[in-house]
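**Q** Input: one structure, supplied below.
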Amino acid sequence: MSRQPLRVLAIGAHPDDLEFQCSGTLAKYAARGDTVFMAVVTNGDIGSATHTMEEIGAIRKQEALDSAALIGAELIWMDYHDEFFFYNEESRRRMIEVIRMAEPDVVLSHWTEDYHPDHSLSGMAARDARIMTAVPLIVTASAHLKKIPTHFFYDTLAGVNFTPEVYVDVTETFATKQQMLACHKSQTAWISDIFEGRSIAQMMEIQSAFRGMQAGVRYAEGFRALETFPRARDYSLLPLE
Ligand SMILES: [Zn+2]
């Protein structure tokens, strides 16, 4: 049976969050012909112990572009300062505009109970913007949407405070996921200094394998559906096959 291609918007707080938590799924969407947007909320400009904020911000944008290019995704660079994303009127309007611009069938965002403020607040902003994207009197640069997108939350770092209710088998796209994460070269050295000598590549593999063990496959990514009215828990919008 032929399937209409989907438009998918994944929203991550920092350059590398999407690669870590849902790029195996994004690679599956892209491989089957869906259109994928990767929105990065902050510019990662504190992600260095040696560069200036401007320098590291520019480096991280290029790394995010390189990663998105591996699956033919379009990068949306929102350019808030790293660690200083706040949820207010301006950021709500910005989130509405980003979702309208991508015109997605599916939005993937951080879990709103994530312990990191950039993660939880951007997850809330994305969740709350969802219905407003279809309200004509909320005016942004792009036209209001005709259809409210379906929203899923992806996993937290190390799975803290997150119990998946649906798993996407990413065994086949795991190598691509590794390559996408590896684009974020600037994060490798200093992150392993912080996390007991574990590289982000190792942490990602442990988590993907753990979610895979739960799902009965080699590697998986876990998701939860947004509970809302109108009911939007349509798992068939995830690339489960
Ligand atoms: Zn992050």
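The values are calculated or read from the model by the stated rules, or taken from the named source; none is laboratory data. Because the structure is a prediction, the values reported are computed rather than measured. Glycine also receives a Cβ, built like all others from the backbone with ideal geometry; neighbour counts cover every protein chain displayed.
**Q** Any chance region 180-190 includes a residue that's farther than 30 Å from HIS51 by Cβ, out of contact with any strand residue (DSSP E or B) (no Cβ under 6 Å at 6 or more places or on another chain) and at pLDDT 95 or above?
**A** So in region 180-190, the residues farther than 30 Å from HIS51 by Cβ come out as none.
No, that holds for no residue.
**Q** Then there's this: In region 66-125, which residues are among the hydroxyl-bearing types (Ser, Thr, Tyr), touching a residue at least 12 places away in the same chain (Cβ under 8 Å) and assigned to a helix (DSSP H, G or I)? Please lay out each step first, then the result.
**A** Just the residues of region 66-125 that are among the hydroxyl-bearing types (Ser, Thr, Tyr), to begin with: 67, 80, 87, 91, 109, 112, 115, 120, 122.
Still in the list and also touching a residue at least 12 places away in the same chain (Cβ under 8 Å): 67, 80, 87, 91, 109, 112, 115, 122.
Within region 66-125, SER67, SER91, SER122 qualify.
**Q** A further question on this structure: Filter region 1-25 down to residues that are within 16 Å of the ligand (Cβ to nearest atom) and outside any strand (DSSP E or B), then give me how many there are.
**A** Here is the first cut: in region 1-25, the residues within 16 Å of the ligand (Cβ to nearest atom) are 10-23.
Pick out the ones that are also outside any strand (DSSP E or B) and you get 13-23.
Selection size over region 1-25: 11.
**Q** Sort out which residues of region 151-166 are more than 16 Å from the ligand (Cβ to nearest atom) and closer than 9 Å to ARG224 by Cβ, and write them in order of number. I'd like the intermediate steps shown before the answer.
**A** Applying the first criterion (more than 16 Å from the ligand (Cβ to nearest atom)) to region 151-166 yields 151-152, 163-166.
PHE152, THR163, PRO164, GLU165, VAL166, listed by residue number.
**Q** Tally the residues that are in contact with a strand residue (DSSP E or B) (Cβ under 9 Å, 6 or more places away or on another chain) and not in a helix (DSSP H, G or I), restricting the search to region 126-165.
**A** Final tally of qualifying residues: 11.
**Q** If GLU54 satisfies every condition in (1) charged (D, E, K, R); (2) surrounded by fewer than 16 Cβ atoms within 10 Å (Cβ to Cβ); (3) within 16 Å of the ligand (Cβ to nearest atom); (4) in a helix (DSSP H, G or I) but one, which is the exception?
**A** (3) is the only condition that GLU54 fails.
**Q** In addition: With respect to SER186, determine if the residue is among the small types (Gly, Ala, Ser), buried (at least 17 other Cβ atoms within 10 Å of the Cβ), away from the ligand (no atom under 16 Å from the Cβ) and not in a strand (DSSP E or B). Please lay out each step first, then the result.
**A** Working: among the small types (Gly, Ala, Ser): yes; buried (at least 17 other Cβ atoms within 10 Å of the Cβ): yes; away from the ligand (no atom under 16 Å from the Cβ): no; not in a strand (DSSP E or B): yes.
No; evaluated as a whole, the condition is false for this residue.
**Q** Can you tell me which residues in region 32-65 are in contact with a Ser or Thr (Cβ under 8 Å, 6 or more places away or on another chain) and among the charged types (D, E, K, R)?
**A** Scanning region 32-65 gives GLU55, ARG60, GLU63.
**Q** Output the number of the condition that PRO5 fails; it satisfies all remaining conditions of (1) in contact with a Gly (Cβ under 6 Å, 6 or more places away or on another chain); (2) within 23 Å of TYR115 (Cα to Cα).
**A** (2)
**Q** Enumerate the pairs (first residue in region 1-29 and under 18 Å from THR150 (Cβ atoms) and without any contact (Cβ under 8 Å) to a residue 60 or more places away in the chain; second residue anywhere and small (Gly, Ala, Ser) and more than 16 Å from the ligand (Cβ to nearest atom)) with beta-carbon separation below 6 Å, excluding pairs fewer than 6 apart on the same chain, so at least 6 apart or on different chains.
**A** Listed by first residue and then by second, the contacts come to PRO5/GLY33.
Conditions tested, residue by residue: (1) at pLDDT 95 or above; (2) surrounded by 15 or more Cβ atoms within 10 Å (Cβ to Cβ); (3) aliphatic (A, V, I, L, M).
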{"site": "PRO117", "(1), (2), (3)": "yes, no, no"}
{"site": "ARG127", "(1), (2), (3)": "yes, yes, no"}
{"site": "VAL135", "(1), (2), (3)": "yes, no, yes"}
{"site": "VAL139", "(1), (2), (3)": "yes, no, yes"}
{"site": "VAL168", "(1), (2), (3)": "yes, yes, yes"}
{"site": "THR176", "(1), (2), (3)": "yes, yes, no"}
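**Q** If you don't mind, there's one more thing I want to ask. Cβ contacts < 8 Å: first residue charged (D, E, K, R), restricted to region 37-52; second residue surrounded by 24 or more Cβ atoms within 10 Å (Cβ to Cβ), any location; separation 6+ or different chain. Result?
**A** Close Cβ pairs satisfying both conditions: ASP45/ARG60.
**Q** Applying the selection to region 117-137, what residues are within 15 Å of ALA225 (Cα to Cα) and within 16 Å of the ligand (Cβ to nearest atom)?
**A** GLY123, MET124, ALA126, listed by residue number.
**Q** Do the conditions hold for THR42, that is, is it among the β-branched types (Val, Ile, Thr) and either more than 16 Å from the ligand (Cβ to nearest atom) or in contact with a Pro (Cβ under 6 Å, 6 or more places away or on another chain) (or both)?
**A** Considered against the rule, which asks whether it is among the β-branched types (Val, Ile, Thr) and either more than 16 Å from the ligand (Cβ to nearest atom) or in contact with a Pro (Cβ under 6 Å, 6 or more places away or on another chain) (or both), THR42 comes out as no.
**Q** A further question on this structure: Looking at ASP34, ASP66, ASP105, ASP79, can you tell me which residue is within 16 Å of the ligand (Cβ to nearest atom) and either of a type in the set (Asp, Glu) or crowded, with 20+ Cβ neighbours inside 10 Å (or both)?
**A** Numbers: ASP34 fails: within 16 Å of the ligand (Cβ to nearest atom); ASP66 fails: within 16 Å of the ligand (Cβ to nearest atom); ASP105 fails: within 16 Å of the ligand (Cβ to nearest atom).
None of the other options fit; the residue is ASP79.
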